[in-house]
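Bear in mind that the values in this text are calculations on the coordinates, not laboratory data. Just so it is clear, the structure is predicted and the values come from calculations on it, not from any experiment. Virtual Cβ from ideal backbone geometry, glycine too; neighbours counted across all protein chains shown.
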Amino acid sequence: MVAYIIRRLVSVIPITLGVLLITFFLFRVIGGNPAYRIAGKNATPARIAQISKERGYDKPLFLNLSNPFDAQFPRLCGQLVRLDFGESITTKQRVSTMLREGLLPSLCVTTPLFVIETVLAIVLALLAAYYRNAWIDRSLVVLAVMAMSISSLVYIMVAQFWLASEWRLFPVWGFEGPQYLVLPVLIGVVAGVGGSVRFYRTVMLDEMNQDYVRTARAKGVSGRTVLFRHVLRNAMIPILTNVIVAIPFLYTGALLLENFFGIPGLGRLTVNALFNGDEDVIFATTFIGSVIFVVANLATDIAYTWADPRIRLK
Amino acid sequence: MTARRCVLALVVLTTLASAAGGAAETVLYGTGGDFKGFDPVDANDVESADQVGRVYEGLLEYSYLDRPYHVIPRLAAAMPEVAADGLTYTFKLKPGVRFPDDKCFPGGKGREVTADDFVYSWKRVLNPRLQSAGDWLFVNHVLGAEDWVKKWADAKAAVDYSDPIPGFQALDKYTLQIKLHRPYPQLLWVLTMQYTFVLPREAVDFYGAEFRNHPVGTGPFRLKAWRRNYRIEFERNPTFSGQTYPDTGDANDRAAGLLADAGKPLPLVDRIVEYDIREYYTTWQMFLGGQLFSAGINKDYFEKVIDPQLELTDTLKQRGIRLLKAPLLDIYYLGFNMLDPVVGKNKKLRQAFATAVNVPRYVEVITNNRHTPATSPIPPGIAGHVAKPYPYQFNLARAKQLLAEAGYPGGKDDQGRQLRLTMIMPGAGSTDVRQAADFYTEQLRAIGVDLVVQQLAGSEYLRREHEGETQIFWAVWVIDYPDAQNLLQLFYGPNKCPGVNATNYQNPAFDKLYDQIVSMPDSPERTALYEKMADIVVDDCVWALMTYPLSYGLFQPWFQNYKQHAFPYANWKYYKVLPH
Amino acid sequence: MSDATNNPGLWSIAWRQLRRNKLALLCLAILAAYTAVWMYAEVTFWNARLRGVTPQYKESNYDIRNHPPSPAHPLGTNFAGRDNLSQIIQGTRIAFEIGLLTSFIVIPLGFALGAVAGYFGRKVDTVVVYLYSVVDSVPGILLIMAIAYVVRSAVDRNEIFQFITRYVDSGLFAVCVGMGFTGWVGLCRLIRAEYMKHRERQYVLAARSLGVSDTAIMFRHIAPNVAHLIIINFSLRFPGLILTEAVLSYLGVGIANEPSWGAIINDSKQRLWLGNWWELAGATAAMFFLVLALNLFGDALRDALDPKLRTAETK
């Protein structure tokens, strides 16, 4: 077990490096030199050159023959090891500070959203699986697909306008207290639950088609007992995968929700950075999101062994 | 840029009774956006200038009510003595101005501002490590500035501020001298800009990289709380003193009630709170909710707010809401890259392009009359502007004729190939930009030209503009100070890409005039030259002139003392809130 | 499923099963209607494009801008006085073009990589798995945006690519490349798993012992047995693309000069607060019914063709 975990941990390194290369290539190599933005509209050519030099943009990209570590990519890797993500062009703040400040507000939205959605989806999926092919199941499936066929943008716009502004049921904007989180979480749940219900239902139906379920039923075990005692437990693996893989989302935050409702989290940070073309911030969120995803995947694999002893680690 | 300025004007104001009872504390609730922290050297956008302007101050500032704009002393005791050759400016500082108490000072007690502080602060603007965008204020003007920058840019070591710049001299505690290469009549404007504001060295040394988050300035307000990306709060700076509300103003100002508070000590509000609201409709809701002191007018909301006679609709009027509009000094234009093989060498083609764009129509449908058609590269309100008709006013028939004369009859070249032009606009994904892009494409199609508009993200747009990788570029120039030189530098040959002359316009006759005006003090002769230079540029059609923006704002009845200002960054201290 | 190289039975069995599913038939009818609208939009678009005139949906009439619904304009008019209904009809074209253009990247890439990885295994497999693990790890929307941004500026800048913008909007092209280069992972996984199974099957071993080349086995013998996966994958991926485009539009990397549904929704954002709901309602409804029909039909198709796939592909 320990050896397996170590081996998997080591396998994370090349993937992280690959992610780093992709993001570096997209943001630094092609994204270009932000010196013009920093130098402002009255920029003198001399200052543009100075800024490029100060920020290391005049260095070779990958390899400097005279000094192998004095190129942009190795320097970037060195920075990341020190958890230094550079500074934002639009706010001149350290990106690591911005990320630290944005984490809590993001978690305030995404954690309840994630928990409520998962629990609700599992309950609805169980319901659908229990009454499979009856009208309840069919209408649940159609409803779930309908819910996931509307753009999340529309959910937010409509809810913010009617529920918050017109009917005054919720605050329109702000991050002053728990009541400010209710509507964003609600929208997130409604927009996301459809897809989860559909997925969990198929997982459970697949499990119910297994031989042991039929045997149990033939032996006279009640449908409810089978569902809760056997099916749910065995369906835990795909459910766990689904849950863990969604963890990076907790970190990157609800991009659109935060932006529309003025929650100063990482999602809003990212969207603003995208609007402003703030390369270092986008780079950092992308990179950290990727690393968390890789680690979450690793956690899934390890969690398998815990949830289902049938799986043996190779 | 005007969008940001609208944001500036979107200020929410409420009055809260203080818990202690008795005197009501007045609080100004507003909306702000991203800014670069409180380091004066980084105040290179409207938002940052505004924030820095609250907590820091410089030698000079703009008069609030007087027009045309002029400067008055702020931390200087009086206007400077200028030597007869115009090369030496000597300032006397006001004695007794103190930095506020802060833990960066020994014993936590603030100290008096001295001439050395100014020298230090200005060296920081030039420090290449700090990457300030304000170096152009001093470089090639102040004696020794460029050598100092060059020396420290090449040096590996950290910048040593004791290394002198001959042009910046602290003669004694209260006397400051600036020496120049050649006369620099814009220097007084420059010293009102936030880059030049004074800060204590102790704060920089103490806070290091975090200095930008710990302002220690002499300004009317000080930072109280700040949740980045969401909310910022200022309170009255107890050590700010010595300034009262101005008593100079014309009859209009008096009629508008702008002189009611003349002589009262500043600032007039106790706190300022700003929220970082990005969607206009949120601001609008809050304004209608009565919490807002002001709201700009978004294009889509215009007809709800303003009736066809450009007056406020009755519902808003009944609530006592006022509409204030005044011209800004900015200009919107389409620049042609003069090095482009197609548009650069073909004056008739540029003229055809300019003539094909129906600017009055643009003003009506795209800006909802929040702009006026431009007639000169120098906006009205600045010496050098002449109110005469623009020679390339929209005229479809004439545009077609000019296009034919340019060698593209009906939009086809001599081999029958379709003429295709490319224009870049900043603001990828913005609805407003997309609508404007659609408009231009349609106008050009009417004369048979295929115009492709590329909407670019900010840094990509700037990069292409600066590197001359454009054919036509949509642009706006937000003026730095009310002197036409600030605009005319955009046509000066030596400023070509990657400098500010993004059109790469080269005209020896124009350059000769420019060399003449840069060192001329304000005079009728200089204004005459400005007019002549504007005519040259218009005749060559280097820019297709678009519009001059107006500032349009809605204000609650209980918000007082607001006068539209082209450089409003230090004006927060004048605003007042009535109990309501 | 039989191991036969050609499998005519599969499709007719599937069709028989689909025919019994009333919901699937209804969805098919909806999809047919959308396809008709799409064809109509393409004809309108190309007719104008080839004749070099302004298409009717792009003609502005600033005198009637932002008008509410009327008999002449059942969904009102937009900021430029253009008929919203024809904008939304053109949006159908954009939606389908996104689906197709993206698939031009996803299908060859996902299929080829999945096939070689599954068939050859070992080092090839390691490389392919590494590749898709990396792509999968980067947050999707950010990677799409970055690629789209890069592609767009390349297309805008280089003369070589200029020909593309004559036929396809550069923003549309960029978004499709972005979604293509992130979207191949799902298909690649499926195909890889399927090839791993098939390479041990009798018919493959037999073909190999007869000296048939690997390429021929991969593409002539195994491919027909897994072809249905591509169709299933497409029908389940398509609705996601349409929804993603809307978000991309909001984030500023959408389609610039054509009325995609995402762009229409984004444009209507401010005006909704002035009670101008018809633009939003029109685009949302158009998007909703297409995505819904595609989702439900995709499910039915998958159940009919390959019920085992359910858990692998639903999400």
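By the count of other C-beta atoms within 10 Å, a proxy for reagent exposure, C:TRP11, A:TRP173, A:TRP135 are ordered fewest to most as A:TRP135, C:TRP11, A:TRP173. Placing pseudo-labels 7 Å out from each Cα toward the beta carbon at B:GLU303 and C:ALA206 gives an inter-label distance of 7.3 nm.
Once the Cα-Cα distance is subtracted from the 0.36 nm per residue extended length, the B:HIS70 to B:ARG129 segment shows a gain of 17.9 nm.
For chain B, the share of DSSP beta bridges that are antiparallel, to the nearest 5, is 80%. Over all other residues within a Cβ to Cβ distance under 14 Å of B:MET520, the charged ones net out to -2, with Lys and Arg as +1 and Asp and Glu as -1.
Here the calculated FRET efficiency for B:TRP558 and B:THR175, from their Cβ-Cβ distance with R0 = 51 Å, stands at 0.70, rounded to the nearest 0.05. For the pair C:PHE120 and B:SER523, a Förster radius of 60 Å applied to the C-beta separation gives a FRET efficiency near 0.10, rounded to the nearest 0.05. Cβ crowding within 10 Å ranks A:VAL172, A:VAL109 as A:VAL172, A:VAL109, fewest other Cβ atoms first. Over the stretch A:4-104, the fraction of Cα-Cα pairs per 10 Å bin, rounded to whole percents and listed from the shortest bin up, is 13, 36, 34, 13, 3, 1. Only helical runs count toward this figure. For chain C, summing -39,500 (n - 2.57) over DSSP H runs of n ≥ 4 and dividing by all residues gives -25000 deg cm²/dmol at 222 nm. Across chain B, C-alpha contacts under 8 Å between residues 6 or more apart give a mean separation that, scaled by the residue count, equals a relative contact order of 18 percent.
For Cα pairs less than 8 Å apart in space and 6+ apart in sequence, what is the mean separation divided by the residue count of chain A, i.e. the relative contact order in percent?
24 percent
Put in line by how crowded their Cβ is, counting other Cβ atoms within 10 Å and starting with the fewest, C:TYR250, A:TYR180 read A:TYR180, C:TYR250. Normalising the average separation of contacting C-alpha pairs (under 8 angstrom, six or more residues apart) by the number of residues puts the relative contact order of the stretch A:38-95 at 18 percent. Based on the Stokes-Einstein relation at 37 °C and a viscosity of 0.692 mPa s, and on the Kirkwood radius from alpha carbon pairs, the stretch B:141-189 is assigned a translational diffusion coefficient of 269 µm²/s. In order along the stretch A:51-66, the phi-based Karplus estimate (6.51 cos²θ - 1.76 cosθ + 1.60, θ = phi - 60°) of 3J(HN,Hα) comes to 5, 4, 5, 4, 8, x, 6, 8, 7, x, 5, 10, 9, 10, 5, 6 Hz; Gly and Pro are listed as x. The listed peptides A:48-57, C:157-166, ordered by packing as a protection proxy, come out as A:48-57, C:157-166 (highest mean of other Cβ atoms within 10 Å first).
Every Cα-Cα pair of the protein assembly as shown was included, and the share exceeding 41 Å stands at 50 percent.
Mean residue ellipticity, 222 nm, helices only, chain A: the sum of -39500 (n - 2.57) across DSSP H runs of n ≥ 4, divided by residue count and rounded to 500, is -21500 deg cm²/dmol. If the segment from B:ASP154 to B:ASP205 were pulled out straight at 0.36 nm per residue, it would be longer than the present Cα-Cα gap by 16.1 nm.
Determine, from the Cβ-Cβ distance of B:LYS532 and C:TYR40 and an R0 of 60 Å, the FRET efficiency 1/(1 + (r/R0)^6), rounded to the nearest 0.05.
0.55
Extension gain for B:GLU364-B:ARG322 works out to 12.9 nm (0.36 nm per residue, less the C-alpha to C-alpha distance). Within chain B, the longest segment free of exposed loop sites, counting trypsin sites (Lys or Arg not before Pro) that fall outside DSSP classes H, G, I, E and B and have at most 16 other Cβ atoms within 10 Å, spans B:418-580. Please give the Cα centre distance for the stretch A:39-102 versus the stretch C:200-272, rounded to the nearest Å. Between the Cα centre of the stretch A:39-102 and that of the stretch C:200-272, the gap is 38 Å.
Report the far tail of the P(r) of the stretch B:185-235, meaning the percent of Cα-Cα pairs longer than 19 Å.
43 percent
Enter the Cα centre distance for the pair the stretch A:3-20 and the stretch B:349-420, rounded to the nearest angstrom. Each part's Cα centre sits 61 Å from the other's.
For the protein assembly as shown, give the share of DSSP beta bridges that are antiparallel, in percent and rounded to the nearest 5; count only bridges with both residues there.
Within the protein assembly as shown, antiparallel bridges account for around 80 percent of the total.
With the simple spin-label model, which puts each label point 7 Å out from Cα in the Cβ direction, the A:LEU127 to C:SER213 separation comes to 5.9 nm.
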